[in-house]
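Only one structure is covered here, and it is reproduced in the block below.
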Amino acid sequence: QLQLVESGGGLVQAGGSLRLSCATSGRTINKYALAWFRQAPGEEREFVATQNWNTSTYYGNSVKGRFIVSRDYAKNTIDLQMNDLKPEDTAIYHCAARHYGPYYLTESYRYWGQGTQVTVSS
């Protein structure tokens, strides 16, 4: 059983930055790839970023070039540095863990955190 707890959300003006962090616990956490998703009101959950076991990173098209994902295996955390934030980035951001399956599909992820709210004002 894994537990994922997000932190770092808040209110920021457009063009600003935020850094989200996801703390994980569980004996087998290193067997899982971790990722960030987000969900805006009335919208489906959207893939944001992930770092695979081989340290390759992948980003959703809407955040590419602005967000940076990084995983610390020693601390069992995954962070999301969000720069040049836009009002359309407003959403609840969730951390998730998958054992296998395509990284961009929510169905691939077995464990989810409760999420942290990010609000970007114009």
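The values are calculated or read from the model by the stated rules, or taken from the named source; none is laboratory data. In this text the structure is predicted, and so the values were computed from the model without any measurement. A quick note on method: Cβ atoms are made from the backbone with ideal geometry, for glycine too, and the neighbour counts reach across all protein chains shown. Ligands, DNA and RNA are stripped out before the accessible areas are found, and what is left, the full protein with its side chains, is counted by its heavy atoms. Shrake-Rupley method; radii C 1.70, N 1.55, O 1.52, S 1.80 Å.
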Examine the stretch 4-15 for a residue that is under 21 Å from L105 (Cα atoms), of a type outside the set (S, T, N, Q) and in a loop (DSSP other than H, G, I, E, B), and state whether such a residue exists. no
Candidates Q81, Q51 - the one that is at pLDDT below 95 and under 11 Å from the mean Cα position of the chain (by Cα): Q51
Restrict the check to the stretch 104-120 and report whether at least one residue is within 10 Å of the chain's Cα centre (by Cα), without any contact (Cβ under 8 Å) to a residue 60 or more places away in the chain and buried (at least 17 other Cβ atoms within 10 Å of the Cβ). no
Of everything in the stretch 40-59, what is polar (S, T, N, Q) and in contact (Cβ under 8 Å) with a residue 24 or more places away in the chain? Give them in sequence order. T50, Q51, N52
Hey, does the stretch 21-39 have a residue that's more than 20 Å from S121 (Cα to Cα), without any contact (Cβ under 8 Å) to a residue 12 or more places away in the chain and out of contact with any Gly (no Cβ under 7 Å at 6 or more places or on another chain)? yes
Report the residue count in the stretch 26-78 for those that are of a type in the set (S, T, N, Q), open to solvent by 30 Å² or more (accessible area, probe 1.4 Å), farther than 18 Å from W112 by Cβ and assigned to a loop (DSSP other than H, G, I, E, B). 5
Quick check on the stretch 87-97. Is at least one of its residues in a loop (DSSP other than H, G, I, E, B), surrounded by 15 or more Cβ atoms within 10 Å (Cβ to Cβ) and at pLDDT 95 or above? yes
Output for the stretch 84-102, where each listed residue is within 18 Å of Q39 (Cβ to Cβ) and more than 12 Å from the chain's Cα centre (by Cα): L85, K86, P87, E88, D89, T90, R98
